[in-house]
Every structure is written in structure tokens, then in C-alpha cells.
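Okay, so here's the structure we're looking at.
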Amino acid sequence: MKCALRRRRLSSHLQIGVRCDILYKMKKDVLHNRTVPRRLTSAQIIPLGFLLLILLGTGLLWLPFAAAPGAHTSFLTALFTATTSVCVTGLVVVDTYAHWSLFGKLVILLLIQLGGLGVIAVSSSILLLMRRRLSIRDRVLLRDAFSLDSISGLVGFLRRVFVGVFAVEGVGALLYAFAFVPRYGLVKGVWFSIFHAVSAFCNAGLDLIGPDSLLSYADNAWVLSVTMALIVLGGLGFVVWFDCQAVLGSRLRHGKARLSVHSRLVLWLTLALIASGTGLVLLLEYRNPATLGAMPFGQKLLHSLFQSVTFRTAGFAAIPQGGLMDATVLIGCLYMFIGGSPMGTAGGVKTVTMLVLVAEALAHVRGRSETVLLRRRVSPALIRKATSILFVSLTVSLGMSAALLLTDGLPLSDTLYEVFSATATVGLSKGITAHLSVAGRWIIILCMYLGRIGPISLALFFGGDEAQKNEIRHAKGSFYVG
């Protein structure tokens, strides 16, 4: 009798366990099939944030009083200008100095600043100003927006970013004022100084000087030097800033300190790319009468240096871009594609990304089992990320170039220069932007947007649940490459 009772109890417990297991599986299936609403991931929020800011900017620039008296702004023109401002690119279909009213220029300046700093960073700083604590979710978003590894110390990092940005832009505006105030007067000169300091630091390339960017200041070494300094500082990345600041302070107090591996790598890469770009531009354009040919050697060297710096994602031009040799255009596309350094205001696939892939290729050729940079091993996960970024970015750039060739039928060199400039958020053009067809303008708008958020972000936007990615392990296949 007791045995029968025990069997019945055991059977009852087993039935309850089976029912719980079934309910758990049903819950998991419901979640997997997305019948329960889910919160957006950071890979979705960041692109949506930039998109909403672009749409808001479009609405403001489409207002009648955003245009100068007698000027009319179409929706596509407002959208193009808002996109190039938020994405800190610099390609324009109307002259910024002539088409927009003071209100329109103020909107453009605000969009450049917000786009350069990032939507998530700005919204997080507003919460802090309102004395609200950042939730874990807010901190994760902020970490992903700055491509950091940890959420530790993010509030202090954000404060230092804003203080550093406004300090550098303020000094840049002060330096610009020495050139702009004597020429334009106090009020207009100060306004020009502020606008160009923000535009240069954020690597936007938009200006108020005239239809030919900085060509009217081609003989002014002061303006060109200040612009280059702001461009380089914006492209170095905030982490490198703070690391240099900490090392400098430590050396002043204790007499010795060393930069992190990342900072040393970024500084060496930046110097190498600027120096090599200067040499190549000088060599290729030395006798070109449309660019450097008629200049004395000192000016040739200065303009080669400026062109090398602006190739990296700035968009300001001090020599006619339409007169560049095809070989220089090809070199320029490569430098634009590389872009600046991580966690800065620059675009492109980033310097460290390219170096990681070059180091991986060299390690494979030499038969090494590890990829090493500055005596530090590069993780396989970082190599996979760099490979994905390169592949997706190159696919987008070449695919958009093919699309623009089909819609507008422009010369190949002009098309490549335009598209690589847009996807790398550079802003240099051979003078074809304003003459693009409606379809061509939509293509460039998409290029600028993808270049700002990163094409890989769009893939993640439509990607599935990250928790499901590694649940299935497949059998090893036998493949051949090379």
C-alpha cells in the first residue's frame, strides 16, 4: 500500500515537472518568435537617433525663413543639407554662405555640433544637467556610442569629452578670429570664427566663406594651419586625448609615464598617414598647372600637407579639387576610406582597423600563429570585427559607386571621389554634387548616413537576437582559398 502511494506521488511530481518544462519551452518559443515586445538594442537606437536628428534638421531647414530672402528650399535640398550636417560630411547642393539665412546657418551649426558629438552623448549629457542618474541601459548606450569596452567611469568620461571639445573649439575660434575679424569686422568675424572652428573640429568641412571652400585663403598659412590642427585633434579620438593629458601630468609630477598601446599606435599611424599623403600629393601634383604647378616650393609643401590632412575626413579644400590628377584621386579615395582614428569625430573605417588587418595578413604570410602589434597580441574577435568593417564598407562604397554611374553617367574618377567622400564623411568633391540628378542625390544621402553610423551598424540593426547567434555549432567543412 505504501509503495503504491509513493508511486502515485512520484508520478504526480513527474507530471508537474513535465508541465513546468513545457511551459518554459512555450515561453522561450514565444520570446524567440517575438510575440512579446522587446526593447530596442543600442545597435538600433544609435542609427535611429541619427535618423530622427536628420529629420528634425530637415524640418527646420525646410521652413521658409531658414533660406535667405529670394531663395527657395526644396524638401530634397533641406534633407541633403541636414544629412551632410548631422553626418559631418560637407557635401552641399547649394552654397551654404548664400542660400541660408542666419537662422538656417545656426541650425546647420547646431546639427554639426550634435552630429560630431553623437546623439547618445548629447542626450546623456542633458540627463546629467537635469540631475538625473544614468541607468544601466543609458550607460550601455553611451559605451556603444563611444565604442568603449566598459561602462565604468562613463559619466566622468562624458564630462571630460564635453569640456575638452568646447575648450578646443573655443581656442580654435580665438585663433581664427585673428584672420577673420580684421577682414569681416567684429561681429561677423567672431561668428565666422565660431562656425569654422566647430566645422573643422567636427571634420564637417562646411564653410561660410564662399563657393570655393578655403581657396580664397590659399595664401594664408595661419588659417590653413589652424584648420589642420583642429582637423587632426578631432580625428585623434577622445581616449588618445585623455591618455596624453594623463601622461603629461604624470611626467610633470613624477618625471616618467608612458602612453597606452592604443594611443601610441594612433599617434604613429596619424603621423605616418599625414607624412605619406603629403609626399604623394607633392609628387603627383608638383607640375600640375591646375593645382600646385604655379606655386613656389614652400606653398606647394603647405598645400600638399593640407590636402593630405583634409583627405582623412575634413572636406575643406585649398586647391581646386576638379584639377587633381586621376592618380591623386585614387590615392585620395584610399586615404578617405581609411579615415581618422576610433572614438573621434572622423569617419572612414579607421586607422587601427586597417592596421589590424595588415598585421593579420603579414602574420599569415610569415607563418605566425598570433597577430602582434607593439608587442601585444590582437584578439581573434577584434580581427573578425575589423574584417567585417572593411568588407561591408568596401561593398557599400563600390556598390554605391556603381549605382551613381548608372543614374548620372559621370566619369569614373569623379564618381569614385564623390562616393568615397560621402561614405567616409569627408566632403571633398570635384564639383559635381550640385549637378547630381534626384536619384544621384538620394544615393549620396544614403552614403553619408551609412558612413556616419557605419554600414555594419545597419546590418546589426536588422540582425537577429544576439543570444541566438552561437547556439548551433556546425560540422567542420573542407574549403580552399588562395
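The values are calculated or read from the model by the stated rules, or taken from the named source; none is laboratory data. Please read all numbers here as calculations on a predicted model, not as lab measurements. Glycine gets a Cβ as well: all are built from the backbone with ideal geometry, and neighbour counts include every protein chain shown. Note: areas computed on protein heavy atoms with side chains; ligands, DNA, RNA excluded. Shrake-Rupley method; radii C 1.70, N 1.55, O 1.52, S 1.80 Å.
Couple of notes before you dig in:
- Given (1) crowded, with 19+ Cβ neighbours inside 10 Å; (2) in contact with a helix residue (DSSP H, G or I) (Cβ under 7 Å, 6 or more places away or on another chain), number of the condition TRP191 does not satisfy: (2)
- Top-ranked residue in the range 282-322 [being small (Gly, Ala, Ser) and open to solvent by 20 Å² or more (accessible area, probe 1.4 Å); ranked as nearest to PRO211 (Cα to Cα)]: GLY322
- Residue tally, condition open to solvent by 50 Å² or more (accessible area, probe 1.4 Å) and either touching a residue at least 60 places away in the same chain (Cβ under 8 Å) or among the polar types (S, T, N, Q) (or both), over the range 389-416: 2
- Only listed residue being open to solvent by 30 Å² or more (accessible area, probe 1.4 Å), within 17 Å of ILE194 (Cα to Cα) and within 22 Å of the chain's Cα centre (by Cα), chosen from LEU109, LEU114: LEU114
- Any hit, the range 326-335, residues being farther than 20 Å from GLY237 by Cα, open to solvent by 30 Å² or more (accessible area, probe 1.4 Å) and of a type in the set (S, T, N, Q): no
- Screening ARG441, ARG452 for residues that are part of a helix (DSSP H, G or I), surrounded by 20 or more Cβ atoms within 10 Å (Cβ to Cβ) and modelled with pLDDT under 85 leaves exactly one candidate, ARG452.
- Taking each residue of the range 173-188 that is farther than 18 Å from ILE231 by Cα and looking for partners that are of a type in the set (D, E, K, R) with beta-carbon atoms closer than 8 Å, six or more apart or interchain, yields PHE180/LYS188.
- When residues of the range 348-388 are limited to those that are open to solvent by 60 Å² or more (accessible area, probe 1.4 Å) and of a type in the set (S, T, N, Q), the one modelled with the highest pLDDT: THR387
- The set of residues in the range 195-219 that are touching a Gly at 6+ places or on another chain (Cβ under 9 Å), in a helix (DSSP H, G or I) and crowded, with 19+ Cβ neighbours inside 10 Å comprises HIS196, ALA197, VAL198, SER199, ALA200, PHE201.
- Residue within the range 241-253 that is surrounded by 13 or more Cβ atoms within 10 Å (Cβ to Cβ), touching a residue at least 40 places away in the same chain (Cβ under 8 Å) and not basic (Lys, Arg) present: yes
- Looking across GLY463, GLY427, one residue alone is assigned to a loop (DSSP other than H, G, I, E, B), open to solvent by less than 30 Å² (accessible area, probe 1.4 Å), of a type in the set (Gly, Ala, Ser) and at pLDDT below 90. It is GLY427.
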